[in-house]
Amino acid sequence: MQPKQSIAATGNNLKIVSLISVGKHPQSGRVRRADQDSRAVELGMKLLDSGNPTGGDSLVVLHAGDPKEPGLRGYAGMGLNSVQVLELDPAADAVAPLGEYLQQFAPDIVLTGVRAEGGESSGMVPYQLAEKLGWPIVPRVADIISVEAGVAEVLQALPRGQRRSLKIRLPFIASIDSAAQDARQSAYGPASRAMMDIEIVDSSTDQLRENWSEAPAKKRPKRLKVIKAKTAAERFKAATAKSQSEGGKVMQNESAAEQAQAIFDLLLEEGVLR
Amino acid sequence: MIFEWLHPFLIVTALVLMVIGAVRRVNLWRAGQSDQIDLIAGLMAMPGRYLHDLHDIVERDKYMSKTHAATGGGFVLSAVLIILVHLLGIDSQILAWALMASLALMFVGALFVFKRRLNPPSRISKGPWMRLPKSLLAFACAFFVLTLPAAGVLPEGTGGVLLTLVLTGLIIWGMGELFFGMTWGGPMKHAFAGALHLAFHRRQDRFGAGRSTGLKPVDLSLAHEVGGVLGVAKPTDFKWNQLLGFDACVQCGKCEAVCPAFAAGQPLNPKKLIQDMVVGLAGGTDANYAGSAYPGKDVGNAKGGPNQIITEGLLDPETLWSCTTCRACVEECPMMIEHVDAIVDMRRYLTMEKGQTPNKGAEVLDNIIATDNPNGYAPASRTNWAADQNLPLMRDVKEAEVLFWVSDGAFDMRSQRILRAFVKLMKAANVDFAVLGDEELDCGDVARRLGDDATFQSLATRNLAVLSQYKFSKIVTTDPHAYHCLRNEYNDFGSDALNGVEVLHHTSFLNELVQQGSLKLNSFSGGKVTYHDPCYLGRYNGEYEAPRELLRSMGIEIAEMERSGFRSRCCGGGGGAPVTDIPGERRIADMRMEDVNSTGAELVAVGCQQCTAMLEGVVEPRPQVKDIAEILVDQLAEELH
């Protein structure tokens, strides 16, 4: 991590990677650019535009899978000259080749969606990549405000439209929330013209997944909501107020060791660690 | 007269300069893209097109048509005779008298032009155009006097130096305007470009009572070419004959006077748009433009050139997105210019190359691409509206007399009332019909008019593939936009699915049924009724009579609006305008409702679900808005069993 810092510290040559997957329209099931992933591309493009005026910054839009997949064209139509594709078998696990690519390419910021719109849709890819690379992950990012001196100021999306401002040292992985800026329109001409930079990579078949069978998700029954609010003000509060967390404590002035001990105790207490 | 050689010399000079100017101008047009036009056939057909097609439009304004016939006819005849008499020096009193007569005719015409220009309406351009009647008069006077000796009225050599000088001055002025100005960009350019525009018009099938209104498909293979551009980015991306067409404009402002967007205070003026295209093709600025501006924008800031991007300096994209594609301007244009096609050509670039469809446009296009309907509903829910209707599906019956094209009205609760009414009428008349159900897709109208021709073409080919599986002799739809696409725009895709199939709007079809006696109707007693012509039914497809006949068959006497028939004012709902939603000072639908109100009608009969939605969006109190099918269904005589 240390060498990266000095590069970003000058404010020059910020390397951004946006990871994209093939999306699925919720109503028609048709292939499309995934909503959150295209927001990740939008944020990448925004950082590129607002960043270094000397143009040292770069954005790579990266996909692991089939380069002929028409869904990728939707991203290209946002005005990309090329899409980097790690070609691998559709049944293969994408995490390993993505991790290797990122390790080699050494970007400063990796942007992903929170979860894919098809396949496992577990939302695990950013976490697994972060683990592999040893980088921090910031989930559900709404915006990246600035990148200065190797530190990014990031707005994280919280429920009910609230935001949390975080400062993160580069490099890091951010998963982009649906609250982030809408993706720009995808235009047919650039979409058709963009190059697919294909790199064939070794991959291993996802053994576990092979035996799974896919079925459409069933809607879970909804718990009936009993409305207790009597007045409009109460209803408004119920709809907007942050739910009060119970218990817990804020530790700001304690030493790092004490803070870590408190977290460790809590994890033991909750049965996360045994 | 002294200086015998002077006037022939001047004439030759003017003619030579005119030819040089013509070559220059032609080269400006030739910078455009090639288009397949039979040049010889076009030139041969040109006089006929002038006398019939063009004159029919000018004839709507009797004053102007007579004035123009006298001035223009007099001038053309005079020009030929001047060459014979004064240049070639043919010594014939008959020719000289003929020349004097034609000059007199031209003079009288020019007087009327002059009179019209004394207190000109705001729609017509001023500037150099105010000079034109005086130039015409100068030309006619000067040559009249010059011809007197040749006619034997005055002896040869009459007049002194003063008369010769005055005469020479007038001749230079007159010929400067009428010969030199014709090809070097003066007001008389309209005669030169206009005649050629008639010959090489982009829509050759528009002439001779033809009706060509379908947009031309984009060559999508350009999307895969490096350096290819979809749609029109620069003036040179237009076809050469479109550039020629822009040059034909006479700036009469008839388009401006009827444009609903202009009246609503949106930043569009069709006349200014065409003049900006002229600036683009010739290069320069709009500083010399002397007509009304785009509402809310100043004149003088537009700059352009043949190879400069139009929307970067010449035009604000908002101007292009203000158009409702109602074709009122095209219908009124005496020079038969195609404003709407040019606008859609430029929108294509903005949408397919730049991805800059404004406001909700991008979202609607995304929805159409992903779900084949503009609101992103589940494609499998397309037939939900008819759950209780027991409609035969083409997939099951394979064959029917009539295919009922339901259109996207299926997803809209207001439009569903129209659909239900129409189904009830068809059932009452025992029509053998079927629907496509979920196999039907959006017809592509909105996508195409928003400039996304790729999506239109995809929808059209997929719809045609579905249609080709079934047998039917008629397609009937309640949506004039779908009607127009199916009837006029699906022919470009090499499918025989619609060969021998009659595409009908529901009002035409219902009118047939009523005339045949298959539908029995009670007479209507609900007060005063007026009828709003949908643009895509009327101007696009020429169907004005069937809806009116249907209304009359219920005993309704239609209280016509001042702007009805081919002059009908748009509801504001066409061309994706409600989606792109460019702000103005008024709403187009409100203005249309004022038109309705001024007839005192209590009910507006409409034949289009878009119009229904737009007009019903006007705040109450206002007259009721009903589709003709809904009015008919209420008057359906119940049969006693």
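So how long is each side of segment B:61-139 along the principal axes, counting just the alpha-carbon atoms, biggest first, in Å?
Principal-axis extents of segment B:61-139 (Cα, largest first): 47, 24, 13 Å.
Measure of size requested: the Rg and Dmax of segment B:361-513, with Cα atoms as the atom set and Å as the unit; please supply both.
14.5, 43
Identify which of A:ALA257, A:ALA232, A:ALA217 has the largest mean-square fluctuation in a Gaussian network model of chain A, with springs joining Cα atoms closer than 10 Å.
Greatest mean-square fluctuation among the candidates belongs to A:ALA257.
So if the hydrodynamic radius of segment A:140-274 is defined as the Kirkwood radius over C-alpha pairs, what does Stokes-Einstein give as its diffusion coefficient at 20 °C and 1.002 mPa s, in µm² per second? Show your work: numbers first, answer last.
Working: Rh = 21.6 Å.
Approximately 99 µm²/s, per Stokes-Einstein.
DSSP loop chymotrypsin sites (Phe, Trp or Tyr not before Pro) in segment B:466-535 with at most 13 other Cβ atoms within 10 Å of their Cβ, which ones?
Numbers: sites: B:TYR470, B:PHE472, B:TYR483, B:TYR490, B:PHE493, B:PHE509, B:PHE524, B:TYR531; in loops: B:TYR470, B:PHE472, B:PHE524.
Answer by residue number: there is no such site.
Highest GNM mean-square fluctuation, chain A, Cα pairs closer than 10 Å: which of A:ALA179, A:ALA262, A:ALA191?
The residue that fluctuates most here is A:ALA262.
Towards the positive end of the charge dipole of segment A:149-212, with charges on Cβ (+1 Lys, Arg; -1 Asp, Glu), say which of A:ILE200, A:SER175, A:LEU158 has the farthest Cα.
Ranked along the dipole, the leading option is A:LEU158.
Would you mind classifying segment B:6-199 by shape? Square roots of the alpha carbon gyration tensor eigenvalues, ordered a ≥ b ≥ c; an a/c under 1.5 is rounded, otherwise it is prolate if a/b is larger than b/c and oblate if not.
Values: a/c = 1.70, a/b = 1.43, b/c = 1.19.
Cα axes put segment B:6-199 in the prolate bin.
Over the Cα atoms of chain B, each weighted equally, I'd like the Debye log10 I(q)/I(0) at q = 0.06 Å⁻¹, rounded to two decimals.
With no solvent term, the Cα-only Debye profile gives -0.39.
What is the helix-to-structure angle for B:6-30, meaning the angle in degrees between its Cα long axis and the longest Cα principal axis of chain B, kept from 0 to 90 and rounded to the nearest 10?
30 degrees
Along the charge dipole of segment B:517-635, pointing to its positive end and built from +1/-1 on Cβ of Lys, Arg, Asp and Glu, which listed residue (B:TYR540, B:MET561, B:ALA601) has its Cα farthest out?
So the residue furthest toward the plus end is B:TYR540.
So what is the orientation-averaged projected area of the protein assembly as shown, using the convex hull of its C-alpha atoms, in nm²? All intermediate terms of the calculation are to be shown ahead of the outcome.
Details: hull surface 207.9 nm².
Here the figure is 52.0 nm², rounded to one decimal.
Classify segment A:2-208 as rounded, prolate or oblate from the Cα gyration tensor: take a ≥ b ≥ c as the square roots of its eigenvalues, call it rounded if a/c is under 1.5, otherwise prolate when a/b beats b/c and oblate if not. If you can, show how the numbers build up before the last one.
Details: a/c = 1.34, a/b = 1.29, b/c = 1.04.
Rounded shape, in that the Cα axes give a/c under 1.5.
For the pair B:ALA387 and A:SER122, how long in nm is the line joining their label points, each one 7 Å along Cα→Cβ?
Each label point is offset 7 Å from its Cα along the Cβ direction, giving 3.9 nm.
Could you list the chymotrypsin sites (Phe, Trp or Tyr not before Pro) in segment A:170-251 that lie in coil according to DSSP, counting only those with at most 13 other Cβ atoms within 10 Å of their Cβ? Provide the component values of the computation, followed by the final result.
Values: sites: A:PHE172, A:TYR188, A:TRP212, A:PHE236; in loops: A:TRP212.
Sparse-neighbourhood loop chymotrypsin sites (Phe, Trp or Tyr not before Pro): A:TRP212.
Once Lys and Arg get +1 and Asp and Glu get -1 on their Cβ, which of B:VAL435, B:ALA410, B:LEU425 lies farthest toward the positive end of the dipole of segment B:380-446?
Checked the options; the winner is B:LEU425.
For chain B, take the longest principal axis of its alpha carbons; what is the angle in degrees between that and the long axis of helix B:339-352, to the nearest 10 within 0 to 90?
Between helix and principal axis, roughly 60 degrees.
If the only charges are +1 at each Lys and Arg Cβ and -1 at each Asp and Glu Cβ, what is the size of the charge dipole of chain B around the Cα centre, to the nearest 20 debye? Provide the component values of the computation, followed by the final result.
Details: 59 positive and 71 negative charges, 389 e Å.
Roughly 1860 debye, rounded to the nearest 20.
Under the definition of Cα pairs under 8 Å and six or more residues apart, what whole-number percent is the relative contact order of segment B:6-199?
31 percent
Nearest 500 deg cm²/dmol is fine: what mean residue ellipticity at 222 nm does the protein assembly as shown get from its DSSP H runs of n ≥ 4 alone, each adding -39,500 (n - 2.57), divided by its residue count? Write out the running numbers ahead of the final one.
Values: 37 runs with 379 residues, N = 915.
Only helices count here, giving -12500 deg cm²/dmol.
In debye to the nearest 20, how big a dipole does segment A:31-101 give about its Cα centre with +1 on each Lys and Arg Cβ and -1 on each Asp and Glu Cβ? Display every interim value, and only then the final one.
Values: 6 positive and 11 negative charges, 65 e Å.
For this selection, approximately 300 debye.
Beyond 20 Å, how much of the Cα-Cα pair distribution for segment B:517-635 remains, as a whole percent? Present the calculation step by step, with values, prior to reporting the outcome.
On the way: 2743 of 7021 pairs.
The answer is 39 percent, as a whole percent.
Name the most mobile residue of A:ASP66, A:ASP143, A:ASP206, meaning the one with the largest mean-square fluctuation, in a Gaussian network model of chain A with Cα contacts below 10 Å.
Answer for the Gaussian network model of chain A: A:ASP206.
To one decimal place, what orientation-averaged projected area in nm² is obtained for the convex hull of the Cα set of segment B:218-376?
Working: hull surface 38.7 nm².
Taking the Cα atoms of segment B:218-376, their convex hull projects to 9.7 nm² on average.
Relative contact order for chain A using alpha-carbon pairs under 8 Å, separation at least 6, rounded to a whole percent? Working shown, then result.
Details: 489 pairs, mean separation 62.0, N = 274.
Relative contact order, chain A: 23 percent.
What FRET efficiency comes out for A:ALA217 versus B:ALA378 if R0 is 22 angstrom and r is the Cβ-Cβ distance? Round to the nearest 0.05. Show your work: numbers first, answer last.
On the way: r = 15 Å, r/R0 = 0.68.
Rounded to the nearest 0.05, the efficiency is 0.90.
Quote the relative contact order of segment B:280-327 in percent (integer), defining contacts as alpha-carbon pairs under 8 Å separated by 6+ residues. Working shown, then result.
On the way: 48 pairs, mean separation 17.4, N = 48.
Once divided by the residue count of segment B:280-327, the mean separation gives 36 percent.
Return the unpartnered cysteines for the protein assembly as shown, using a Cβ-Cβ cut-off of under 4.7 Å.
B:CYS141, B:CYS249, B:CYS252, B:CYS259, B:CYS323, B:CYS333
What residues qualify as long-range amide H neighbours of A:ARG163, i.e. H under 5 Å apart, gap of 5 or more or another chain, H built at 1.01 Å from N?
The answer is A:LEU158.
With +1 assigned to the C-beta of every Lys and Arg and -1 to the C-beta of every Asp and Glu, and no other charges, what is the dipole magnitude of the protein assembly as shown about the Cα centre in debye, to the nearest 20?
Details: 93 positive and 104 negative charges, 426 e Å.
For this selection, approximately 2040 debye.
Taking amide hydrogens as modeled 1.01 Å from N in the peptide plane, which residues meet the under 5 Å criterion relative to A:ARG32, leaving out close sequence neighbours?
When sequence neighbours closer than 5 places are left aside, the close amide H contacts are A:GLY23, A:LYS24, A:HIS25.
Each value in this text was obtained by applying a stated rule to the coordinates, not by laboratory testing. In this text the structure is predicted, and so the values were computed from the model without any measurement. Heads up, the Cβs are rebuilt from the backbone with ideal geometry, glycines too, and the neighbour counts pull from every protein chain shown.
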